[in-house]
Every structure is written in C-alpha cells, then in structure tokens.
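To start, the structure itself, in structure tokens.
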Amino acid sequence: MQQFAQVVVNVPIRRSFGREQTAPPNPFEDDGESAHSLGGGPARLQTFHYHLPADLIGTLQAGHLVWVPFGNQEVQGIVTALDESSPMPTKAIKRLARPQPVLTPAQIELAFWMADYYIAPLSETLKLLLPPGLLHKANSGPGVRAKREEQIELLIPADEIHSHLFKLGRQTKQVLVLETLLAEPEKLLSAVALRERCNLRSKDQIDSLIEKGIILWEDGSVRLALTVEEATASILDLRGASKYAPVLAALAESDGPLWKSDLYAKAETNIQMLRDLHDARLIEITEQVRYRDPLAGRAYRRTISPRLTDQQEQVWETIRAQFFPTDQGITPAHFLLHGATGSGKTEIYLLAIAEMLRRNRQAIVLVPEIALTPQTVARFAGRFPGRVSVIHSELSAGERYDVWRRIRDEEIDVVVGPRSALFAPLPRLGLIVLDEEHESSYKQDAEAWGSFTVFYDARTVAQRLSSLTGSGLILGSATPSLEIYHLTTENAIHLLEMPRRVMGHGEGEEEKEGRESESRAPVYAEMPPVEIVDMRQELRAGNRSIFSRSLISELQTTLDAGEQAILFLNRRGTSTFVMCRDCGAVTKCLQCDVPLTYHERADVLICHHCNRRYPIPTVCTEPGCGSKRIKYFGSGTQRIEEMVQQIAPRARLLRWDADTTTHKGSHQEILERFAAHEADVLVGTQMIAKGLDLPLVTLVGVVSADVGLYLPDFRAPERTFQLLMQVAGRAGRSHRGGRVVLQTYTPDHYAIQAAANHDYHAFYRREVAFRREQRYPPIHRLARLIFWDKKLEKVQAATTAMAATLRHHVAEMGLPAAQVEIMGPVPAFFARFRGYYRWQIIVRAPDPSHFLRGLDIPFGWRVDVDPVSLL
C-alpha cells in the first residue's frame, strides 16, 4: 500500500491564503507534475503531497528534512505529517536530507499554531525552529555541518618521553661523534681513533663540532666541552629532535587527548611533525567530531542554594504545590513572579529547575538581551555544571548548529538565551522561564529589515509551547507588562509577589571572591531613595548643564568613596540633531527622513535607522539659505561621557551602547570590566537597565527621564515607567546602599512619580484606566498592517485598497462597527525607512487573527498581531 507525506517546501510564499480560500496555483501544472496544495488547516498553510519511495517506508517520520522535486527544481522540505492517501497524483520524495528528524512533534504543532495566530507563512514559522544554515538550496553547498578535527593522544608514559626523543630525527655523523664521546665523557680520545670508530672519511665533522663549542681539541685528541646534560641536549638539536619535545610535553600535561588546534596553540608544531610522531608510534591521530562549544574555556564557580527569605519560602511553596503535587511527574501551571529588583527571583527559577532536573525534565531560561546572557549563564552553570548551554545570535552558525545538535541528542538540559532560545528542541521540556518579561525585545520587531519575518511574541508563544509540552511557565519581572499582569486579574495566570529586596552582598563580600555565603541569614534591604530633579528649576537657577547640581554632587561623593555610578540616557551619539540657526532646517537622512545624529569621535552624522553616514555640513543646503550658522542640539551617551570627563577628570569611564558593542563578546567584556572595578562610571543606554547585579554601584543618574515619554504611542508611559524602575534598581544592591537622581522636565507625570516611589500598582491602576477608556491593550486587541514601497503613490493606493477590503470584510462577517474597527490608512510615525515609504492600518478586534484569517494579503505587507509599538 502506497504511503504519502505532507511536505512544506523551502520556497517563499508570496501570497497568503486560508481555510476558506482556493488553494494557490499548482507549481506542477506546466509539466503535469502532481504535488498538491492544501487550503485546509491553519491560515497560510501550504503543504504538498508526495509519496514515499520503498526505501523510506518505515523510516520517514514527521519532522524529517527531505529533498523533493518542485516544478523543474529540487528543493528541501519538512515533513509535517504522514497520510494514507492523497487527493491528487503525486511525485516521490527524492531522499532524506538528514538521517534524524530535525523537528519534534510539539515543534511542528507550534509552527502550525504560530502561522495561524500571526498570519504568517508556515514555511517561515518552521524556519524559526531550525538553526541557521540547516536549510539550503541544491546548488549552494552542503549547508552547516558538524566540525571534524584531528585529535592527538600521547601513547607513551610522560617519563619515557626523553628517551624516545633520541629515536627521532636523523642519525648524522656529528651525532655519532657526540654519542661516542658521551659514552666516556671524562676521557680524551685521539682524533684518529675517533675517526675510525665513527667511520669518518675526513676531519670535517670533528672541526664543525669544535667550531660550535661542543668539543675541545687538545694535541690531536678531543673531549667534550659540555656537561653530560648539555651534550645530551646537543645530540637532540643535531638530530633535529628537540623540536618535538614541547609537543610531547604539552600532550603529557593535558588530562587527555588534545584537539589539533589546541595543541597548535600550546606548542609550535605542524602537521608534518605530528605525522613524524605518529610514524614513531608516540602519538595517535584520529579524526573526531568536535563540538563548537560557546562556553568553552569558561569556568563557573559552583554554588549551592542559599537560605531563603520568608517571602521566597512562601513563593516556592506555592510553586512546588502547583508544579509538583506528587513525588513523580509535574502538573503544568503558569505563574507571574512579580518581585522587586533584587528580591531573589533568580533563586526561585533555580529551585524550580533543580526539581525539574530531578524529575528528568528540562528547562529553557529566556533573557531579553544578549547583554544579560553571560551573567545569567554564570548563575545557572554554577548551579548545574555541565548541563547548561546558550543560544543567541552572536554565536557562529557552527556554534548554533552544534548546540542545537547536542540539545536534540539530550546532552544539554538547561538552555539559556534571548527570544530564539525558546525554540531549542528539548525533548523532555518541563519548565520555561521568562526573566524580565516586560521587555519589548521578546517581540520580533516588525521593522526588522527583510521580508518573510514572523512577528511573534515569545511571551505568547511560550504560553502555547507550555500547553503543547505539558510544561510549567514562570514569567518574572519587577515591572510586569500590562498584558501579563492583566491576565492575573482574570485568573489566567497565578500571581506571586515578592515586594522586598534582599541584601545580595554582605559587607566586604564583593571584594572576597570565592567566599561562601550561602549559609548567611538573608537580610532585607530598602529600595534606593529616588530624588526627582526638576530641570526647569535648574534652568531658572542659571544651570544650563545637562547635569543638575544634585547629580554632580552625588557623582563626586560616589567617586570619592571609591564606589561606582551608572549614568543612563536612552540616546547614543554626541548631539541628537543638527540645525541651521537662520532658516531652522534640520539635517535629515535622505533614505529615512529622520534627523541625523552627530557622532563626534567619528566626526560624522549617522542615521540611527539605516546606519547611513553623512559628512558634517558646513553650510545650510536649504534652497535660498546657504547660512554657515550650523548648530548642534541635544545630547547622547558620547556627550555624557565627555561631560563626566570634564567634571571628574580622574574617573575611569566605560560606555555601553550600540556603538561600543559591535564585535562578538563585547557585552560580556564591558560587563566584566565594570564588575571588576576597572571603571568608576558606566554611561549607557537601555542595555544597562536590564537585570545587572553590580554591588559597587551606589549611584544611578537618569540624565533625562523624558526621553520617549511623549512619543505618539499608547505604550510610551509604560515603557518610560519600566525603564526608570529597572535602571533605578541597579543601585543599592549591597550593604553600601544607594541613591537615584532622576532628572526631568515633567516631574508631575504619573509614570515618573510612580517610578520614583517604586510603586507598580499605582502605575498599573492609572494606566489600565487610560487603556480601558481608549480601547487599547490589554483591554482590547490590535493588529497592525504595514505596507512598504519606494513609490509613495503605490503605498497610498495599496493601503487605500486594503482598508476598503478590510471594511468590506467587516460587513461580510456581519460584525458591528464597534466590535471591529479599521483605522487608517495613515503614514507611520517613522514614515520612511531605508528609502521605503511606510503606511499602516490598525485593526482593533476581539481576535484580530480570526478576523484577518482567510484574507488575501499580497506580498509587501507586514502583519503585526499584538504590536508592541505603533510608531
């Protein structure tokens, strides 16, 4: 009986279609070939039926990567299901691309759900679950593969290395002469007798050794000029064998075999020398698969669980009762852990993971930024040595593939990383942790360059993955997103609270590396006091500096005490815009139509949207102007850095922003340098606000709390509140205490007041009332449709047509206008990007995915369900 497989091909899908629509044109119609497109199933699902050749029956499974014919080409595809029949004649699958399935059944089901929920091509949601380079075209090479390298093993005991060296190299006449003399080192031997013993035709070899100072000539006789040890070394040099000694010594010093590249780093050698040693049967050379470990060479201090605070005890008991009601297995549940910065949320994660591992389950730990990954990995690898790995975009394709392969083969039990780590193929997943869940970086940016991107939210996807795998979910934050906190009010997620901060570093502890403090009784600490500085009053007092008098004073006090400070401004560069003082024209990017930022060190204007660079203007280019009165306005992190150097010339500074973190490992390098007190002041953007634990930081200065507060986006107050609360939480994490200086021109704004009082609940009540009144999330749901094109007329026509289609769809479905609203089309706030015009339509509906499902959405549109920004 013939068997069939449904396959999603690795070919871009240019138009969407859904359950009720006609299937797209058959790509085999031109030549009579017969793969089949299905309109059923999740929205934009496109699968093709193929039959199994005899050699794959009983072998092929859902999740296998295969090669299939597709039109006149051969492409890769992923098997999503096996069938007993096909609605059309079919072609055969060519062969397996990989011997093992590349996706688990839960991952396949997750991809279907994401395609349905986010109105995305199924081929794109499947790609999210695979490491880069695994999928490739027939003529593009083999794709990413396991790395193979020679491994070198010493075959002799270390104490026999010296004796074996004398068997290496060449036995020359000079070596023979020296060996003869070394047999009787104290004896004079006549030159004639020496020539006879060594069968020398002339005295040349003896003369050469005399010139080298190895032997002495005394009245026709010769003797050694060196000690026995020196003469022995000379024999090795003359044989050409001494070069092998460091190689063999390096192998002897290692605990086991060495990889060839590691041996090259330890000793000067080459492949020919290794072959010589192999031929002499001193080493074994074998080719092995080498795991490209992103954590290789890193040592993490072992830790044990500290004594819990009473609030940690209460939270842990609640989680344990829900997750682990019996001695075996787990009961899935979803929790929001709302804990103050420094309240000990990470310890709760560690306890839950430890219990999961004891029950033979695995865990994923998500962090919002790559910058947080090193510190998080250190915490988890110290508790679970040898069982933790990391996934993030800074890894090479080879590293990501090897980590993915080890996870699939069950060699890794805990995976740490940002958003993409959620798709690690853990076969026994038991727990998903999302730390700092409020961060918008958990949502795939709809402005990301390139097409066919799935604009998913890791928080939403994690909830679905938890249900599919029977796993627990813990979302943690000091400033939860309104959507997640609102779910707790509807009893969709259990709320756990830890409002008090724990003293994480006792007196002197930060200077005593390695000191065990796990048994020390926990002590609560107060949240750092926040001083709001009204910058309008500073101006009235004659202070035109970007630093208030209070911040300057506090900075000097901090530096005098040998402590550290963080200065936060969520803008990089030196000046934020350049303007002609005569006509008022602002220099803008020709591609994006946004003001250019001046970077003094590079002496260039940079567009922070497309990264295009422009020369510094000397005259105004506006028609009819030509003024030379060009002025730089605003401040960025580079300007803050310069101002600190003027105020405190001896202060050691580090800057942490997108300009200083362009190379691999730069985040960890900056963090390690600051943690090691190689700098006194850290100046940075939002990267420094995310979960860092730095005990010497006693001062946090927010240079401008108003940045972003008045953007035309309904989430602007929420983002500002979260950012201020989080950056304030970096201060006062040790016995030294801390303080925060918050500079603003709008000190009475409710977001700033709530942040200064560390009062999340006050902010939530005020903000959710505004959202309810204005029909914004989390009370109502949105979808955002964005169209890009280089021609404005095309953008206007396409968005106008789409808006009409959407309104007609509302009427077709018989929905009241108040239930589904279509807003737009209008230009986006950033109306141009990289030369493309951007217009958008906003859909407000109880279920935007259901409303949009089945609509024809042409190529060029981006569909962003549950957007985190409307800019």
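The values are calculated or read from the model by the stated rules, or taken from the named source; none is laboratory data. Everything quoted here is computed from the prediction, not taken from an experiment. All Cβ positions, glycine included, derive from the backbone under ideal geometry; neighbour counts span all protein chains shown. Just so you know, the surface numbers come from the protein's heavy atoms only, side chains and all, with ligands and any DNA or RNA stripped out. Shrake-Rupley method; radii C 1.70, N 1.55, O 1.52, S 1.80 Å.
Pairs spanning more than 24 Å between alpha-carbon atoms, out of Lys345/Lys664; Lys588/Lys790; Lys443/Lys588; Lys243/Lys266: Lys345/Lys664; Lys443/Lys588. Restricting attention to the chain, close to 60% of DSSP beta bridges with both partner residues there are antiparallel. Summary of packing: across the peptides 840-849, 453-462, the per-residue average of other C-beta atoms within 10 Å ranks them, highest first, as 453-462, 840-849. With helices as the sole contributors, the chain gives -9000 deg cm²/dmol at 222 nm; each DSSP H run of n ≥ 4 counts as -39500 (n - 2.57), and the sum is divided by every residue. Across segment 420-433, computed HN-Hα scalar couplings (Karplus, 6.51 cos²θ - 1.76 cosθ + 1.60, θ = phi - 60°) run 5, 5, 4, 9, 4, x, 5, x, 10, 4, x, 8, 10, 10 Hz from first to last residue, x flagging Gly and Pro.
Could you rank His808, His599 by how accessible they are, 1.4 Å probe, largest area first? Don't skip to the answer; put the middle values down first.
Values: His808 105, His599 5 Å².
My answer, sorted largest first, is His808, His599.
3J(HN,Hα) couplings calculated from phi for segment 644-660 with the Karplus curve 6.51 cos²θ - 1.76 cosθ + 1.60 (θ = phi - 60°) are, in sequence order, 5, 5, 6, 6, 9, x, 8, 5, 8, 10, 10, 10, 10, 8, 5, 6, 9 Hz; Gly and Pro show x. Proximity of backbone amide H atoms, modeled 1.01 Å from N, is registered between Ala525 and Arg501, Val502, Met503 at under 5 Å, excluding neighbours fewer than 5 places apart on the same chain. On a per residue basis, the chain carries 44 Å² of accessible surface, using protein heavy atoms and a 1.4 Å probe.
Distances between placed amide hydrogens fall under 5 Å for Val365 paired with Val415, Val416, Gly417, Val433, all partners being 5 or more residues away or on another chain. Angle of helix 716-728 to the longest C-alpha principal axis of the chain, folded into 0 to 90 degrees and rounded to 10: 40°. Separation of segment 224-279 from segment 95-152 is 45 Å, based on Cα centroids. Each semi-axis of the equivalent ellipsoid for segment 728-797 is √(5λ) with λ an eigenvalue of the Cα gyration tensor; in descending order they amount to 39, 19, 13 Å.
Measuring from centroid to centroid over Cα atoms, what is the spacing of segment 787-806 and segment 451-487 in Å? With segment 787-806 and segment 451-487 each reduced to a Cα centre, they are spaced 32 Å. For the chain, the longest principal axis of the alpha carbon atoms and the long axis of helix 228-239 meet at an angle near 70°. Rounded to whole numbers, the Karplus 3J(HN,Hα) couplings from phi for segment 268-278 are 6, 7, 8, 5, 5, 4, 5, 5, 4, 5, 5 Hz, using 6.51 cos²θ - 1.76 cosθ + 1.60 with θ = phi - 60°, and x at Gly and Pro.
To put it simply, the accessible area of segment 361-460 at a 1.4 Å probe is 43 percent carbon and sulfur. When you count the other C-beta atoms within 10 angstrom of each residue and take the mean per peptide, 316-329, 120-133, 727-740 line up highest first as 727-740, 120-133, 316-329.
Compared with the alpha-carbon gap, the fully stretched path from Arg148 to Met813 is longer by 233.5 nm at 0.36 nm per residue. Taken over the C-alpha atoms, segment 763-857 has Rg and Dmax values of 14.9, 44 angstrom. Taking the 1.4 Å solvent-accessible surface of segment 766-871 as the whole, the part contributed by carbon and sulfur is 57%. Seen against the Cα atoms of the chain and their longest principal axis, helix 310-323 is set at about 90 degrees. Give, as a single signed number, the net charge of other residues whose beta carbon lies under 13 Å from the beta carbon of Arg549, with Lys and Arg counted +1 and Asp and Glu -1. Cβ neighbours under 13 Å give a net charge of -2.
Express as a percent, rounded to the nearest 5, the fraction of DSSP beta bridges in segment 566-719 (both residues included) that run antiparallel. Here the antiparallel bridges make up roughly 55 percent for segment 566-719.
Amide H to amide H, with H built 1.01 Å from N, Ala585 comes under 5 Å of Cys580, counting only residues 5 or more places away or on other chains.
The Cα-based radius of gyration and maximum Cα-Cα distance (Dmax) for the chain are 34.2, 122 Å. Highest mean first, the peptides 345-358, 761-774 sorted by other C-beta atoms within 10 Å per residue fall in the order 345-358, 761-774. Looking at segment 215-337, the pairs of alpha carbons with a distance over 25 Å make up 61% of the total.
The alpha carbons of segment 345-438 stretch over 32, 30, 22 Å along the principal axes, in descending order.
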